[in-house]
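The values are calculated or read from the model by the stated rules, or taken from the named source; none is laboratory data. Please read all numbers here as calculations on a predicted model, not as lab measurements. Every residue, glycine as well, gets a Cβ built from its backbone with ideal geometry; the counts of neighbours run over all protein chains shown.
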Amino acid sequence: MMAHLATTNTSMITITHDTFMAALPVVRDAIAKADLIALDCEFSGIDDPHAAPLDRPLFYDSPEQLYQKSKAIVAKYRLLQLGLCCLTKRADNSNTYDARAFAFHLCPRAHADLGLDSTVTFQTSALQFMAKNGYDFGLTLGHGIAHLSRADVRHVEEAAAPYPFQTVFRPALGEAISQIQRFLADFHATPLPPQGIKPADLPVLLLDRASLGAGDRIELERLFAGQVDITGSSSDIRHFRLTPRTGRAASHSVAPDAAHRTRIVKEGTLFGKVMDALVAAQKPVIGHSIWFDLLFIWHELVDDLPPTLADFCAAVHGMFPILVDTKYLAYRMFGNAHVALKSLYAWTPGANADGPGSPSLATAFPRGTHDDEDATMADATTPPPPLPTVAIDTHHDQYFTATAFHDAAYDAYATACGYLKLAHHAAHVTRMWPSDAGIPSEWANGVQLHDNVFRNVRLDSGNEGPARPPGLGVRDAVLRVRVKGGASAAEVVAQVAKAVKEGFEVRFVARDVWFVELREVDDVEGLVRGIERGVAPVEKPGEGQEKTGDAWTVVRVW
């Protein structure tokens, strides 16, 4: 079984700024040799309790709305820890996987002189939860790996550009920049005497103070830090006096020179080598409820999040062509959209027909089939093989306690084990998959956006919401049903069934409020009227006609 696995030859490694370069070759080797790579992240927050009610993720939000609201949450908080677990199947046919897991503590460095001094916001409940589970904030904040996204690098490079954008609107500043550049070019083109040059003999450039605006001197000092000294004079209040520097170090009060800027960018982009290795490997990437993991990884380690959900799905699919959400798999197999990672890890395939966690109250999702209809499925009379085992270093037995959950490395390891169990169950217990060697394509690249089961999107074919313009053609929909006077679940289902017949799911939300998910319908408005009346879809009542069923109020919310 995999609930308590321990042999030898692999390890879990905590990686900080101090140990990153030494660990990088080991990480690259693990990624290159892996058959599966599981990941998990820890964040400083994942909800905005102060947002306006309609700005928070809602039950009936469309996928695009959930994406936009998720973007706002990701922009507010920080990625603190990234965990990877690389599984490599042994070649000796022992049905054993070797696991190497890594926990990267991440924290951006503050470089105010480069405009890099980001705010780290913590959600109180997240902070308390992580502290309760033994998270080492000192390791993250004091020794976290410095990292810059492409957006950060662009910010640094644009700030160092010789012609800042604002000169378009401040022509005097642009002219002053040109004068200083010509002045320095002439100075450096003239050979210095062997004995050097005295300060009194340095050439001088005078800039007209009256033509420069407020803050222009500071901007010039920033742009030409280490190259010129800019001073005023009590005897000449009309000009700024500029003299070239001849090798003296720049003052600490001015911006860094190009060499310092280059060093910071190089250091900050080193973690990109891990991301490059993940992308180059093109291995299946596994996560449990991986939606926010992907958003935070993209936002902090790659680039600004794309403007739309479709753009984001396409971008992520380009990075990870085979991506598996074990929470989505558990829903597909058992109809339960609320399987916790801890429950999945503790579950034994075949021992509980309802799957991991609490028995599902929902009807199971229709079983998927593999792409090749002619492929040979396992013989139903053949006893299933034993579960795979996962080998991990016995020196890391602290990872086999309950307190290890919510460490990103351990959660990645638990996710990897959970995936192997689901694959074993699908291939050898229910025989929904042709084998456990690889995930069938229609089961991959589905990601759960929200705890409500119908909020899933495909990364490999865009999303299911915005791709269908409202009111056009066959689509899914969500209705909010408010019942006056109260009603039992059986009464609500019976009322809906009269109009919808099939392809629906009823969910209780609050007293007298229910939600109905409709699948692939082409006359939503007709069904709304039908549920209100408790009959099959009918035409809208004409002018002056009596409307029945006033106890039922039905509104389409998506």
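With respect to (1) buried (at least 17 other Cβ atoms within 10 Å of the Cβ); (2) not in a strand (DSSP E or B), the lone exception for L58 is condition (1). Within segment 421-443, the set of residues being aliphatic (A, V, I, L, M), surrounded by fewer than 20 Cβ atoms within 10 Å (Cβ to Cβ) and not in a helix (DSSP H, G or I) comprises M432, A437. Closer than 23 Å to L80 by Cβ, buried (at least 17 other Cβ atoms within 10 Å of the Cβ) and at pLDDT below 90: does that describe F271? Yes. Looking across segment 273-296, just one residue is free of Cβ contacts under 8 Å to residues at least 60 places away in the same chain and either touching a Leu at 6+ places or on another chain (Cβ under 6 Å) or among the aromatic types (F, W, Y) (or both), and that is M275.
Of the residues making up segment 246-264, those that are crowded, with 16+ Cβ neighbours inside 10 Å and at pLDDT 70 or above are H260, R261, I264.
Scanning segment 189-221 for residues that are in a helix (DSSP H, G or I), under 25 Å from H260 (Cβ atoms) and either touching a His at 6+ places or on another chain (Cβ under 9 Å) or free of Cβ contacts under 8 Å to residues at least 40 places away in the same chain (or both) yields R217, I218, E221. Within segment 116-136, the set of residues being more than 21 Å from D48 (Cα to Cα) and either outside the structural domain of A409 (by TED's automatic domain parsing) or in a loop (DSSP other than H, G, I, E, B) (or both) comprises D117, N133, G134, Y135, D136. Within segment 290-304, the presence of a residue that is modelled with pLDDT of 90 or more, within 21 Å of E64 (Cα to Cα) and surrounded by fewer than 16 Cβ atoms within 10 Å (Cβ to Cβ) is excluded.
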